[in-house]
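What follows is a short report on a single structure.
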Amino acid sequence: MRLNFNSSFISKHLFFALLLMASFAVSAQTVEFGIQAGYTNIEGESSSSSDDVSYSGNSSGFFLGAVFDLTLSEKFHLQPSVNYANADETNFIVVPLLAQYYIENSGFYLLGGPQATIFLDNYSIENIEFFNDLGIDLAFGAGYAITDNFFIEARYSFELTNRYTKEIRDAAGSTDIDAGFNALSIGVGYKF
């Protein structure tokens, strides 16, 4: 079962995350800016535990965006980014805030942390919204620094929030229905 949050809860925690990110940026040894792009596969899941019904489907597309690399120490970096993603004509903004741990003398790094996924499309019928616009995910993955500028990454994100709106849950007569979107992203990037 996924978590249900109200918008004020999310707004407060998103504001806290931005303040935390700003404090890391101030303490960073170096800050680099870059661009990234790649392939994304989004898996939508919907289920009802009381009816023992579930559905899942995949859609593929691309992402592109801006990335920042905040060097906190030789092994630890913070990587916030803002990406536009499109999969089967569905548009998203994805905002990950990932910690990176560099494996010594290898170029490889592990990454993980929270990310916000925002729908840019409207899914409604007769003024009833199907999905909440904002979702909170947990992302993890790995990357490799090919050179000081070029890198490749792969990450997977699990949605933690329930995307069905309260109106849809009420219309279904059940609070145990949930929907979420998990995503696999594989891409390349360049830091200036």
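The values are calculated or read from the model by the stated rules, or taken from the named source; none is laboratory data. Being a predicted model, the structure only gives us computed values, none of them experimental. Cβ placement follows ideal geometry from the backbone for every residue including glycine, while neighbour counts extend to all protein chains displayed. Just the protein is used for accessible areas: all its heavy atoms, side chains included, with ligands, DNA and RNA removed. Shrake-Rupley method; radii C 1.70, N 1.55, O 1.52, S 1.80 Å.
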Taking the Cα atoms of segment 50-192 alone, what are Rg (to one decimal) and Dmax (as a whole number) in Å?
17.7, 58
Listed by chain and number, the residues whose amide H is under 5 Å from that of THR165, excluding neighbours fewer than 5 places away on the same chain and using placed H, are PHE131, ASN132
Ordering GLU129, GLU153 by the accessible surface of their heavy atoms, 1.4 Å probe, largest first, yields GLU129, GLU153
Expected output is a single nm value to one decimal: the length gained when fully extending between ASP148 and ARG169, i.e. 0.36 nm times separation in residues minus the C-alpha distance. What is it?
2.7 nm
If you roll a 1.4 Å probe over segment 64-175 with all protein chains in place, what percent of the accessible area is carbon or sulfur?
63
Quick one: Cα convex hull volume of segment 110-192, Å³ per residue?
100
Among residues other than ALA183 whose Cβ falls under 12 Å from its Cβ, what is the net charge (Lys/Arg +1, Asp/Glu -1)?
-3
